[in-house]
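Working notes, beginning with the structure itself.
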Amino acid sequence: GVKKLKSVKQAFGYMILIYGGMLGVSIVLIAMLKHSYGDNASAFSGFQHWFGYVFPPYRVFDFSIGCILGFAFQKGVGSRLSSTSVLGLEIAAVLLAVLSNIVFGRHIIPDAISFSALFVPSTALLVYCFALGKGKLSNVLNCGFTRLIADYSVEIFLIHYAVIKYASPFAALIPG
C-alpha cells in the first residue's frame, strides 16, 4: 500500500488515520474488557499488555506508520529542513515523549492505550529526525561510543523497557 502513495502530504494523512485506528481499537478493547470485568483493572491488565505490546494485528498499526515514514524519508522532504528546524522537531519529540511518560505514569488513560499507542507519535518523530541525521541531538547520539554500544548487541533496543520501568517513578514526581 505504501507504494501507492502519491505525496508526502497524503502519507502523513494516512499516518494520522492509522494512528486514529490504533487508538480506536484500543478504546473498543477497553470498553469490551470493562463490560466483562468491570473496573477491576487487574483482572485484564495482563491481556491489555499482551494486546498492546505483542498481538501482531494490533502492532501492524505502528509498523505501517514506520513504513510510511520510510516513504516520506525517501521522498526527501526532510532534506529541505535546516539543522535548527530538525533540532526543534527533536526537542518537540522528546517533550512529547516526556509528556506521554507522565500521562502513562499517572494512569490518566487506560493501559492498553498508554503502554504502546501513547508513545507512537513521539517515537515516530524521533525516528524520522534521527534518520535525517541533521539535528543536534541525533548528531550527539551518533558519536563513536553510541555506535559501539549499538554494534555490540543487536538486542540493545530491548533496554527501552528497563528505561521506561526506571524512568516512570521519576516522571510520577513531576507535578502536573
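Every read-out reported here was derived from the displayed coordinates using simple, explicitly stated rules and does not represent laboratory data. For clarity, every value in this text was computed on a predicted model and none was experimentally measured. Cβ placement follows ideal geometry from the backbone for every residue including glycine, while neighbour counts extend to all protein chains displayed.
May I ask you to evaluate 6.51 cos²θ - 1.76 cosθ + 1.60, the Karplus curve with θ = phi - 60°, for each residue of segment 15-31 and list the ³J(HN,Hα) values in order in whole Hz, giving x for glycine and proline?
Each residue's phi maps through the Karplus curve to give 4, 5, 5, 5, 5, x, x, 4, 5, x, 4, 4, 5, 4, 4, 4, 4 Hz.
Can you return the lysines within cross-link range of LYS134? Criterion is Cα-Cα under 19 Å, with same-chain partners fewer than 8 residues away left out.
Correct list for LYS134: LYS75.
Taking the highest mean first, how do the peptides 6-17, 90-101 order by number of other beta carbon atoms within 10 angstrom per residue?
Details: 6-17: 14.0, 90-101: 17.1.
The densest-packed peptide leads the list: 90-101, 6-17.
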